[in-house]
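Heads up: the structure comes next, in structure tokens.
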Amino acid sequence: MPARIEIDQLRDLLDSGAQLVEVLPPAEYGEEHLPGAINIPLKQLEADTTSLLDQRNPVVVYCWDYL
Amino acid sequence: MSPRAACRLETLGFQHVYDYVPGKSDWLARGLPTEGEQADRPRVGHLARKDVATCRLGDRVEHVREVIKPSPYGFCLVLAEGGALLGRVRWSTLDDELTGTAEDVMTPGPSTVRYDLSVPELRARLDKRELKTAIVTTPEGDLFGVVRRRDLEDPG
């Protein structure tokens, strides 16, 4: 079960080198995204599109908000 | 979206998956840096001033009167111990006979705006309500600062 985190944990993970993925559509990602985040839209989240990520290292996903 | 994405990554074999549930809106509301085409757009948080008078719930009205007097805004914001915004006391409501504490005289729950609100949008809101200032708070409700209407003028 993925862990739900808030800002403090996010900062700790990023400081430790976690991979960051925005799962919103490309246009939203292009407008603005968290520094260092890559874009893999939810609709395209498959084995091939995630192949550049390291499965052994922490990865954080985010979208717009709780909803 | 992100909960489904997090679950999907686990099914794809990822071992350490985290879901930043509050998301990009939370990051933006904290005034944290971003990248992208809109990253440099002006936001009200950039214009927020820190020189607003503050007091605590238990502060006596006499003290509140003294902190508002030199303030350029004509009001004092009432904060909890941790910094959360609880209310506002306007100079105009403090007649000479008034006694008690800030809690007794404050207007609770003043309206606030987020750090990442656009300047044109705030300008329109303030103009519609004929207001001269806006209070900026963090997602936790802590006071960030105050934005003056005149600081939103379009340089254009």
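The values are calculated or read from the model by the stated rules, or taken from the named source; none is laboratory data. Quick caveat: nothing in here was measured; it's all calculated off a predicted structure. Every residue, glycine among them, receives a Cβ derived from its backbone with ideal geometry; neighbour counts consider all protein chains shown. Remember, those area values only see protein heavy atoms, side chains included, never the ligands or the DNA or RNA. Shrake-Rupley method; radii C 1.70, N 1.55, O 1.52, S 1.80 Å.
Things to note:
- Enumeration of residues in the range B:8-25 that are assigned to a helix (DSSP H, G or I) and out of contact with any strand residue (DSSP E or B) (no Cβ under 8 Å at 6 or more places or on another chain): B:Arg8, B:Thr11, B:Ser25
- Leading residue by the ranking (modelled with the highest pLDDT) among those in the range B:1-55 that are over 27 Å from B:Leu152 (Cβ atoms), open to solvent by 40 Å² or more (accessible area, probe 1.4 Å) and of a type in the set (A, V, I, L, M, F, W, C): B:Cys7
- Which listed residue, of A:Gly17, A:Gly30, is small (Gly, Ala, Ser) and over 13 Å from the mean Cα position of the chain (by Cα): A:Gly30
- Selection from the range A:34-60 of residues that are open to solvent by less than 70 Å² (accessible area, probe 1.4 Å) and of a type in the set (D, E, K, R): A:Asp54
- The range B:11-23 residues that are at positive phi, paired with ones that are part of a loop (DSSP other than H, G, I, E, B) (beta carbon under 6 Å, 6 or more apart): B:Gly13/A:Gln55; B:Gly23/A:Cys63; B:Gly23/A:Trp64; B:Gly23/A:Asp65
- Residue match in the range B:77-92 (condition: farther than 30 Å from A:Val61 by Cβ and among the aromatic types (Phe, Trp, Tyr)): yes
- In the set A:Glu31, A:Glu6, only one residue is under 13 Å from B:Gly36 (Cα atoms), surrounded by fewer than 18 Cβ atoms within 10 Å (Cβ to Cβ) and of a type in the set (Asp, Glu); that residue is A:Glu31.
- Of the listed requirements (1) in contact with a strand residue (DSSP E or B) (Cβ under 8 Å, 6 or more places away or on another chain); (2) assigned to a helix (DSSP H, G or I); (3) within 30 Å of A:Thr49 (Cβ to Cβ), B:Arg4 misses just one: (1).
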